[in-house]
Amino acid sequence: MDIESGSKMNVCFYSAASEKRPVRLCEATRLFALESLNRKYGLLTREVPAVELGPEAAGLSPLELYDLAVREIALRAPLRICPGELVSGAATLGRAIDHVVPATLEGKPVQVSMSHLTVDFETVLRKGVNYLDQLIDRSEKEHKDSAFLASCRNVTASMRLWRRRYLEALRDMPGYEETYQNLCRVPFEPARTFHEAVQSLWFTFAFIRLCGNWPGIGRLDMLLGPYLEKDLEDGRLTLDEAREILAHFFIKGCEWITGSSNGSGDAQHYQNIVLGGILPDGTAAENRVTELVLDILEEMNISDFPTSYRVNRKTPSGILKRLARIIRHGGGTLAVYNEESVIETMTRYGYPLREARAFANDGCWEMQVPGKTFFSYIPFDALEILQKETLKSYAEPFPGSFEDLKQAFFRDIANRVGDICRSHVGACPDGKWLERIPCTVVSVFERGCIEKALSYMEGGPVYNVISPHLGGLADAADSLYAIKKLVYDEKAMSMDELFEALRADWEGYEPQRARALGLQYYGNANPEADQVVKEILEAFADACAAWEGSCGYSFPPGISTFGRQLEWAPNRLACPHGAKKGAVLAGNSSPTPGTDREGATSLIKSYCFSDVSRMVTGAALDVRFDPVTIKGDDGLSAVAGLIRAFVLLGGCFMQPDIADREILKRAMEHPEEYPTLSVRVSGWNARFVTLNRNWQEMVIDSR
């Protein structure tokens, strides 16, 4: 049961495991976390939705209106200083939670905001925002009268106004002297200490969020580690003190928890963190901050910063067991990258080695170079293409061999990829980027934008990526495999008979459906079934590669659904592998629900059979465990061994999650008992009771 009440001396956090979470933080910090998880600050944020712009907004250009909105947000957004907080700043306007700039004109938001990016926090920490002002000065000499650069100057000036308001509020508050002193320097001057660095990072992150954007954090241990090591060496603070400071960073990140959502959960704000692995120079990234983050994840049920650990062949068994202990508590808080595979993928694609080694993600799990990348992904449903384009909605039998069928399907995939890429080539005809909606707040914190005098949406970043994303992979592959076995190999049905059964949604064809359902599909380490998946991915990667160099965007492939199997279900027909019309089917790179019968090791072998290294922006594998199966030290060893196998077999990204189906079902009926129960949905974690019924059922059925 999720314990949400109790005395200040008995603060507890939900765990899916029978083992209790450790206690390392002080009681005040733990109570702060519990109050935040229980919506205290999220509900306060919703009380003031936005700042309303007045008559001065009339007749302004889109960029001028945006600049006015940012300035008014900085001047008028409510300030929030939580009791005892060790870092200050808060994104206090409720419409920011809705992915819009929280400034309205006649009650309507002035525009949408940005997400799926990780901004350049490293420059802010190491050099300060004043350095960005110097970059603007230099760029203005080359790009005279640039409206974009004037907008950049407005952003940093607005950030100063916002900081000034916090300094005025904190100046005479007893107990906040160190916070005040920190903010007197950061984020405009370089951070000198660990506490300053955490404050600088949080304040910059909070300002970007205050303006409606949803940035990822990136490599937190790389960003903060050097400051902590220096402070510990100089005796400026202890490890316990540093843990308390960093815990407040995580707790402040719960300020948008409201207990409600648009259906897919109240915690999908893309504020992902990446830990571990190697640095751009090839040395190990792990440091004392890595340890502290793992401490915090293990102790508190905070899932609002989905965290991924970069694992390689040399990762010590002790670290893998530590990761397993955190994973066992559930919530999907911790996922793993096979960084060797990712780095090889990115360098093969053309990224310099140092850039590939620096990889983080976009706020979900798609790989990118943090602080230098414009990223957008375009999803499509491969199963619908197979059913409605290649197989013509089963109206007439497909003529030709199975090889002819596969090639026809691959051509249809290539046509869809062509449609996606062609629609974006026009954004930069002849290398000149067209004007897009203003997004200067994130542009200031992306390398390349100030230097080029181009915004984040207009080719400013170093890398500009549009990634076609193939969904419905397992279902399309299983459908092809079923046709191969039932029609071509075993001749159990003619194509006519199969299509009749599919048009009838298998009604009246129960024996034939049972035979289809009994085949050994993707996810069971069946090389014949896995070969179909492999060929689909090769054809998809080839289709994307054909568009490289066609414009200022690159078009690397990836695999995802991000829960769209719910959205796609009503448009899907009955499947040759036995699923009925409208079924909610496979997510990401995972098998069709119910078809993987041979266990997690076979699942990983199937996934790794394909060359997922060609999926440049990622291919996520979801792995679900029942808490009973991973109890005790043997259970930890099993999870650690599975991570090791994932790396050795060449996987890309794995999202493990622990959840008891019976607990989830109870939470559906008694949500008041489980307000903070978290589950991994796709690239994010969501509090289960804030998912709508369809999402909840999909989560349960996938376990």
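No lab work stands behind these numbers, since they all come straight from the coordinates. Not measured: the values here are computed from a predicted model. Every residue, glycine among them, receives a Cβ derived from its backbone with ideal geometry; neighbour counts consider all protein chains shown.
Within the stretch 262-317, the trypsin sites (Lys or Arg not before Pro) that combine a DSSP coil assignment with at most 11 other C-beta atoms in a 10 angstrom radius are Arg313, Lys314. Length gained on full extension, Glu396 to Glu177, computed as 0.36 nm times the residue gap minus the Cα-Cα distance: 71.2 nm. Extension gain for Gln134 to Asn571 (0.36 nm times residue separation, less C-alpha to C-alpha distance): 152.0 nm. Rounded to 0.05, the FRET efficiency of the Ala645 and Cys184 pair, given R0 = 45 Å and the Cβ-Cβ distance, is 0.30.
Put the Cα centre of the stretch 223-294 next to the Cα centre of the stretch 499-533 and the gap is 46 Å.
Summing Lys and Arg as +1 and Asp and Glu as -1 over all other residues whose Cβ lies under 14 Å from the Cβ of Lys432 gives a net charge of -1. Place a label point 7 angstrom from the Cα of Glu435 along the Cα-to-Cβ direction, then list the residues of the stretch 55-76 whose backbone nitrogen is under 15 Å away. Zone members listed by number: 59-67. Kindly express, to the nearest 10 degrees and within the range 0 to 90, the angle between helix 129-142's C-alpha long axis and the longest C-alpha principal axis of the chain. For helix 129-142, the angle is close to 80 degrees. When a/c reaches 1.5 or more, the comparison of a/b and b/c decides; with that in mind, is the stretch 582-648 rounded, prolate or oblate per its Cα gyration tensor? Note, shape of the stretch 582-648 comes out oblate. In the stretch 11-52, taking the dipole from charged Cβ atoms about the Cα centre, the farthest positive-side position among Ser15, Tyr41, Leu31 is held by Ser15.
Farthest toward the positive end of the dipole of the chain, out of Pro675, Ala358, Gly89, is the Cα of Gly89, where the dipole comes from beta carbon charges about the Cα centre. Ranking Ala453, Tyr488, Leu498 by how far each Cα lies toward the positive end of the dipole of the stretch 452-502 (charges on Cβ) leaves Ala453 at the top. Determine the shape class of the stretch 68-126: with a ≥ b ≥ c the square roots of the Cα gyration tensor eigenvalues, call it rounded for a/c under 1.5, and otherwise prolate if a/b is greater than b/c, oblate otherwise. Since a/c reaches 1.5 but b/c is at least a/b, the shape of the stretch 68-126 is classed as oblate. With K and R counted +1 and D and E -1, the other residues having a Cβ less than 14 Å from that of Glu299 yield a net charge of +1.
Applying a DSSP loop filter and a limit of 10 other Cβ atoms within 10 Å to the GluC sites (Glu not before Pro) in the stretch 80-181 leaves Glu106. For the chain, a simple Cβ point-charge model (Lys and Arg +1, Asp and Glu -1, everything else neutral) yields a dipole of about 640 debye relative to the Cα centre.
Between Lys141 and Val628, the contour length at 0.36 nm per residue exceeds the alpha carbon distance by 168.8 nm.
Against the main long axis of the alpha-carbon atoms of the chain, helix 288-299 sits at an angle near 70°. Legend: distances between Cα atoms for Lys581/Lys605; Lys388/Lys484; Lys314/Lys605; pairs beyond 27 Å are Lys581/Lys605. Return one number: the angle in degrees, 0 to 90 and rounded to the nearest 10, between the long axis of the Cα atoms of helix 220-234 and the longest principal axis of the Cα atoms of the chain. With rounding to tens, the tilt is 40 degrees.
Given R₀ = 25 Å, what would the calculated FRET efficiency be for Glu27 paired with Ile81, taking r from the Cβ atoms and rounding to 0.05? Plugging the Cβ-Cβ distance into 1/(1 + (r/R0)^6) gives 0.75. Of the peptides 335-346, 52-63, the order by per-residue mean of other Cβ atoms within 10 Å, starting with the highest, comes out as 335-346, 52-63. Phe375 sits among other residues whose Cβ lies under 12 Å from its own Cβ, and their net charge, with Lys and Arg +1 and Asp and Glu -1, is -2. About its Cα centre, the stretch 1-116 has a charge dipole of approximately 500 debye under the convention of +1 per Lys or Arg Cβ and -1 per Asp or Glu Cβ, with nothing else charged.
Backbone amide hydrogens, once placed in the peptide plane, bring Ile278 within less than 5 Å of Ala285, excluding anything fewer than 5 places away on its chain. With the simple spin-label model, which puts each label point 7 Å out from Cα in the Cβ direction, the Glu510 to Lys665 separation comes to 2.4 nm. A simple spin-label model places the labels of Ala545 and Thr283 3.7 nm from each other, with each point 7 Å out along Cα-to-Cβ. The lysines whose alpha-carbon is closer than 29 Å to the alpha-carbon of Lys40, local same-chain residues fewer than 8 away aside, are Lys8, Lys20, Lys108, Lys252, Lys665.
The charge dipole of the stretch 207-320, taken about its Cα centre with unit charges on the Cβ atoms of Lys, Arg (+1), Asp and Glu (-1) only, comes to about 480 debye. Per-residue 3J(HN,Hα) values for the stretch 542-557, derived from phi via the Karplus relation 6.51 cos²θ - 1.76 cosθ + 1.60 with θ = phi - 60°, read 4, 5, 5, 4, 5, 9, 5, x, 7, 6, x, 8, 9, 10, x, x Hz in sequence order (x marks Gly and Pro). Comparing Cα centroids, the stretch 602-632 and the stretch 129-159 end up 45 angstrom apart.
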